[in-house]
Ligand SMILES: NC(=O)c1ccc[n+]([C@@H]2O[C@H](COP(=O)([O-])OP(=O)(O)OC[C@H]3O[C@@H](n4cnc5c(N)ncnc54)[C@H](OP(=O)(O)O)[C@@H]3O)[C@@H](O)[C@H]2O)c1
């Protein structure tokens, strides 16, 4: 059992990571007051407070930190480059340095979006990034700051899907919310990615800590598909009408930040290091579906400060045609 500090405990990744591992590890979830009564310990704090990094590490004595907190909204970063720079680039370096000084393992979460998407073949960890948005630039700088401040740290470039606190954070939830309301949803036919179910991602991240990996790893699913096809797969999994997913190009989407068309990433390095195959989309979608049937999304939302499950039912239907514009990364 490892004592792990998880930043971004209310986020899509952080909350799932904590909820799925609190019974096998001691998880301390850093939270800005969004959560209550979670089965794991909540630690209040804001990372933009200059004292937070050292205070956390010196008072909590974690054995490891998984740093998920970020501004992960690609279009919002475009509107607030200075904020993105602070949270996504500078703070990871400060935390990584504090962890190195205290001999605490550090696992930083980055993104597949550091690449421009021009490669025909899957990107490996040795390929040169070429970020196309403020978000991607800030995340790439975050990776570099972490690894120069703390060469023993690990950096995971991820892409994932799952249920979130708000019910609207992930692309999978966007499609689910639309389809379950019988509404059409746009899916990009010319943007490819390798989504990994968040439960699988959480397990890989814990595995990376247990193996004491350091350096850069691609931690995505082993299967590439278009966002359009992903929407159709969700429809099929839940028994919704696949015809509701409308094929459009990313240019028709009217997004603020530029997106990379081909985010196929090789998981060979990760698979070799962990000694296990990396799951594709199918098993992840089955788990996403099973969680819905078991009431996991409602249970998750019961941990939200001041919001009951009835309010969530209303909120989850307040999705718009532009939802794909506002879901994360
Ligand atoms: N979602 C994806 O598919 C995807 C893809 C590629 C990479 N990533 C990366 O994966 C990581 C997790 O993403 P996510 O989707 O889980 O993000 P998310 O749902 O937007 O969660 C972000 C978390 O960061 C916290 N946070 C923001 N500012 C903070 C601050 N000043 N102090 C403390 N905490 C703060 C948020 O707290 P509040 O709730 O209080 O705002 C929230 O818990 C990020 O590093 C992201 O760049 C995500």
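Only the coordinates and a few stated rules stand behind these numbers; no lab work does. Worth saying up front: this structure is predicted, and the values here are computed from it rather than measured. Don't worry about glycine lacking a Cβ; one is built from the backbone with ideal geometry, like all the others, and counts go over all protein chains shown.
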Can you order the peptides 187-195, 108-116 by their average number of other Cβ atoms within 10 Å per residue, highest first? 108-116, 187-195
Residues residue 273 and residue 241, FRET efficiency given R0 of 45 Å [Cβ-Cβ distance, rounded to 0.05]: 0.60
For the pair residue 256 and residue 63, what calculated FRET efficiency results from E = 1/(1 + (r/R0)^6), where r is the Cβ-Cβ distance and R0 = 45 Å, to the nearest 0.05? 0.65
Taking the chain and counting helices only, DSSP H stretches of n ≥ 4 at -39,500 (n - 2.57) each over all residues, the nearest-500 ellipticity at 222 nm comes to -11000 deg cm²/dmol
Please work out the C-alpha center-to-center distance from region 12-70 to region 130-158 and express it in whole Å. 20
Where both residues lie in the chain, what percent of DSSP beta bridges are antiparallel, nearest 5? 10
Order the peptides 144-154, 10-20 from the highest to the lowest mean number of other Cβ atoms within 10 Å of their residues. 10-20, 144-154
Inverse of mean 1/r across different Cα pairs in region 123-232, Kirkwood, Å: 15.9
So how do 160-167, 203-210 stack up, highest first, on mean other-Cβ count within 10 Å? 160-167, 203-210
For region 65-144, state the semi-axes of the equivalent ellipsoid (square roots of 5 times the eigenvalues of the alpha-carbon gyration tensor), sorted largest first and rounded to whole angstrom. 23, 17, 9
Can you work out the FRET efficiency for the pair residue 290 and residue 49, with r the C-beta to C-beta distance and R0 = 41 Å, to the nearest 0.05? 0.55
Under the 0.36 nm per residue contour assumption, what length would be gained going from the current alpha-carbon distance of residue 212 and residue 2 to full extension? 74.4 nm
Provide the three semi-axes, in whole Å and in decreasing order, of the ellipsoid equivalent to the chain as defined by the square roots of 5 times the Cα gyration tensor eigenvalues. 29, 23, 19
